[in-house]
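Below you'll find the structure, written out as structure tokens, and then a few comments.
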Amino acid sequence: MARGRPRGKRPEVEPIRRKCATCGKIKVVKHRSWSIPTVSSQFSQPTYNPNSQKKDRIDQPGVTVINYCSVECGGESFINPYDEDDFLR
Ligand SMILES: [Zn+2]
């Protein structure tokens, strides 16, 4: 029995409406740009404890998120730069 998420199935995200960072309209968020801070010192790496209470990503300290309503507003980082030729051998 395979564990985890089936291949090809994306996690389901509840649609939310937020202000788009580019056009300023309140629309359904299509793309989000997350900024996660790195651990500042290599000597204070937190150890991973699988039994610890899960925290939402937004609740982590220093995390910011920017919402975009569309690929046009999100900019180039959301555009797939590959085309069919990149996969030919
Ligand atoms: Zn927008």
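Rule-based calculations on the coordinates, nothing more; no lab input. What you are looking at is a predicted structure, and each value in this text was computed from that prediction instead of being measured. No Cβ is skipped: glycine too gets one built from the backbone with ideal geometry, and neighbour counts run over all protein chains shown.
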- Filter result for S35 (among the small types (G, A, S), in contact with a strand residue (DSSP E or B) (Cβ under 7 Å, 6 or more places away or on another chain) and loosely packed, with under 12 Cβ neighbours inside 10 Å): yes
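Identify the residue in region 43-75 that is part of a helix (DSSP H, G or I) and within 21 Å of the chain's Cα centre (by Cα) and, among all such residues, is nearest to T22 (Cα to Cα). Let's see the steps before the verdict.
If we filter region 43-75 for residues that are part of a helix (DSSP H, G or I), which is where we start, we get 43-44, 57-59, 71-74.
Among the residues that remain, those that are also within 21 Å of the chain's Cα centre (by Cα) are: 57-59, 71-74.
On the way: R57: 23, I58: 21, D59: 24, V71: 11, E72: 9, C73: 5, G74: 7 Å.
Checking each candidate, the answer is C73.
A quick yes/no check of all residues on (1) surrounded by fewer than 10 Cβ atoms within 10 Å (Cβ to Cβ); (2) among the polar types (S, T, N, Q); (3) more than 16 Å from the ligand (Cβ to nearest atom):
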residue: P11; (1), (2), (3): yes, no, yes
residue: C20; (1), (2), (3): no, no, no
residue: V28; (1), (2), (3): no, no, no
residue: S44; (1), (2), (3): yes, yes, yes
residue: D59; (1), (2), (3): yes, no, yes
residue: V63; (1), (2), (3): no, no, yes
residue: N67; (1), (2), (3): no, yes, no
residue: G74; (1), (2), (3): no, no, no
Log entry, pairs with first residue in region 76-87 being part of a helix (DSSP H, G or I), second being of a type in the set (A, V, I, L, M, F, W, C), beta carbons closer than 7 Å, six or more apart or on different chains, reads F78/V71
Considering region 32-42, residues that are farther than 21 Å from R18 by Cβ and within 17 Å of the chain's Cα centre (by Cα), and then whichever is farthest from the ligand (Cβ to nearest atom), we arrive at T38
